[in-house]
Amino acid sequence: MLRRIRTLRERDNVPGPIHKGVAMCLERGNNLGIPKDDFLFLLADLSREMDEDEGFPGFYAPVDKKGANILVTINSKEPFGEPDDMKFWWRIFYAAREDWTTTSDNWEGVNCGLFSGDDDAMREITGRIVKHMEDLECKRLLLPE
């Protein structure tokens with residue numbers, strides 16, 4: 001019922017951060033509009049820290065790896081505000097020798113279209129994740145929420 005009520009709200013009356021998150025995700029592939037180059041630089045930098053400083057030799061965050069077991073989507077709040085939080089999953093993957101990847105584009109895992117009641121945006125954002133799963137031939141999906 002709540003989901004249906006959200007779809008009835010005019011888009012201009014959706015709370016600002018959620019409305020902006022939908023628009024930004026559709027335009028840039030993540031709710032906060034983090035540029036691709038900045039995102040990839042951050043993944044490489046965090047990977048280097050884990051490899052050199054934290055005792056995870058050879059660690060790297062795989063991006064767009066075809067055939068990985070798990071496709072990992074990311075909540076854009078992590079690279080923006082708490083980038084070290086991504087390392088929690090990465091440490092588990094490393095210890096378990098898990099085969100995983102994330103994507104260079106449209107990597108957002110939080111679907112603000114769902115929360116705002118914007119069904120078209122929700123379908124588009126979900127469709128991007130499904131396309132990644134198919135194109136990269138991943139078997140499982142990890143969402144941050």
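The values are calculated or read from the model by the stated rules, or taken from the named source; none is laboratory data. Nothing here was measured: the structure is a model prediction, and the numbers come from that model. When we count neighbours, we look across all protein chains shown, and the Cβ atoms used for this are built from the backbone with ideal geometry, even at glycine.
General observations
- Residues that are in contact with a Gly (Cβ under 9 Å, 6 or more places away or on another chain), of a type in the set (A, V, I, L, M) and on the phi < 0 side of the Ramachandran plot occur at least once in segment 65-76.
- Failed criterion for Glu134 (all others in (1) in a loop (DSSP other than H, G, I, E, B); (2) without any contact (Cβ under 8 Å) to a residue 12 or more places away in the chain; (3) not basic (Lys, Arg) hold): (1)
- The single residue among Ser104, Ser76 that is surrounded by fewer than 19 Cβ atoms within 10 Å (Cβ to Cβ) and polar (S, T, N, Q) turns out to be Ser104.
- In this structure, Asn111 does not qualify as in contact (Cβ under 8 Å) with a residue 12 or more places away in the chain, surrounded by fewer than 20 Cβ atoms within 10 Å (Cβ to Cβ) and either under 27 Å from Asp37 (Cβ atoms) or in contact with a Gly (Cβ under 7 Å, 6 or more places away or on another chain) (or both).
- Within segment 16-63, if we keep just the residues that are at positive phi and free of Cβ contacts under 8 Å to residues at least 60 places away in the same chain, the residue that is farthest from the chain's Cα centre (by Cα) turns out to be Gly55.
- Test: residue in segment 100-114 that is small (Gly, Ala, Ser), at pLDDT below 95 and in contact with an Asp or Glu (Cβ under 9 Å, 6 or more places away or on another chain): yes
- Residue match in segment 119-130 (condition: in a loop (DSSP other than H, G, I, E, B) and either among the acidic types (Asp, Glu) or under 30 Å from Glu10 (Cβ atoms) (or both)): no
- Within segment 66-99, being touching an Asp or Glu at 6+ places or on another chain (Cβ under 8 Å) and part of a loop (DSSP other than H, G, I, E, B) holds for Lys66, Gly67, Ala68, Asn69, Thr73, Asn75, Ser76.
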